[in-house]
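Engineer: If you scroll down you'll find the structure; I have some questions about it.
Every number in this text was worked out from the coordinates using simple rules, so none of it is lab data. No experiment lies behind these values; they were computed from the predicted model shown. Every residue, glycine as well, gets a Cβ built from its backbone with ideal geometry; the counts of neighbours run over all protein chains shown.
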């Protein structure tokens with residue numbers, strides 16, 4: 001295994017926000033700078049992103065969580081992913097996690113957390129994202145060219161309210177415009193070498209109930225484990 005220190009970047013955000021397109025543009029800049037990148041995509045059931053990334057000439061891997069929460073799956077496998085990146089002699093290891101409920105935030109204290117958001121999804125979307133946005137280091141806004149300047153500014157402000165400290169950059173995934181600012185933001189941040197003993201930035205929610213282990217029947221008599229019930233105003 002190489003002794004080279006690798007910088008680890010974890011990219012999250014809602015589905016179809018443009019995460020893969022943004023990462024593709026970022027990789028082109030990284031390799032043009034003479035550095036080595038490796039990418040690991042975490043998804044649920046199926047993805048073709050390994051071929052997309054491999055076509056750029058970088059090492060690419062895929063992890064499919066199947067019946068397990070994506071971000072729990074990533075946390076369980078982060079040590080192994082980092083070791084794989086080191087074996088590939090990567091200067092920068094990028095981990096893309098597909099967006100689901102957004103309550104989990106798999107970024108750790110010593111990695112660089114990036115959240116990708118799509119302007120077209122509306123100004124209320126940031127309020128629904130949770131820790132993947134509120135705990136990130138860099139917020140990337142995509143598709144800003146498809147809305148008015150006023151709408152873009154409102155969207156930026158929504159992001160700023162939820163995460164006052166994050167650096168916000170706008171990137172066009174199709175043309176690559178703005179990707180240089182994302183690369184600069186990553187370059188100026190330090191990422192500690194190694195993930196063993198590192199800590200998640202936020203506790204993940206508990207989800208161990210009868211349905212987690214295969215129960216299909218509906219009704220209180222079939223429910224065990226951690227069960228949270230709604231309260232209704234009558």
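Engineer: For a Förster distance of 22 Å, can you work out the FRET efficiency between the beta-carbons of residue 206 and residue 76, rounded to the nearest 0.05?
Structural biologist: E between residue 206 and residue 76, to the nearest 0.05, is 0.90.
Engineer: Of 73, 155, how do they rank once you tally other Cβ atoms within 10 Å and put the fewest first?
Structural biologist: Listed from fewest to most nearby Cβ atoms, that is 73, 155.
Engineer: Hey, rough spin-label estimate for residue 89 and residue 146, points 7 angstrom out along Cα→Cβ, what's it come to in nanometres?
Structural biologist: Those two pseudo-labels are separated by 4.0 nm.
Engineer: State, to one decimal in nm, how far the label point of residue 165 lies from the label point of residue 229, with both points 7 Å from Cα in the Cβ direction.
Structural biologist: Roughly 4.0 nm, to one decimal.
Engineer: Nearest 10 degrees, 0 to 90: what angle lies between the long axis of helix 70-87 and the longest principal axis of the chain (Cα atoms)?
Structural biologist: Around 30 degrees separate the two axes.
Engineer: For semi-axes √(5λ) of the Cα gyration tensor in Å, one of (1) 38, 20, 14; (2) 30, 24, 16; (3) 46, 18, 16 was computed from the structure I shared and the rest are decoys. Which label?
Structural biologist: Answer label, from the structure shown: (2).
Engineer: Distance between Cα centroids, segment 148-167 to segment 74-101: provide it in whole Å.
Structural biologist: Computed from Cα coordinates, the inter-centre distance equals 29 Å.
Engineer: A follow-up question, please. Considering only DSSP beta bridges with both partners in the chain, what is the antiparallel share in %, to the nearest 5?
Structural biologist: Roughly 5 percent of the beta bridges in the chain run antiparallel, per DSSP.
Engineer: Run the numbers on the chain and let me know its relative contact order in percent, using alpha-carbon pairs under 8 Å that are six or more apart.
Structural biologist: Relative contact order comes out at 25 percent.
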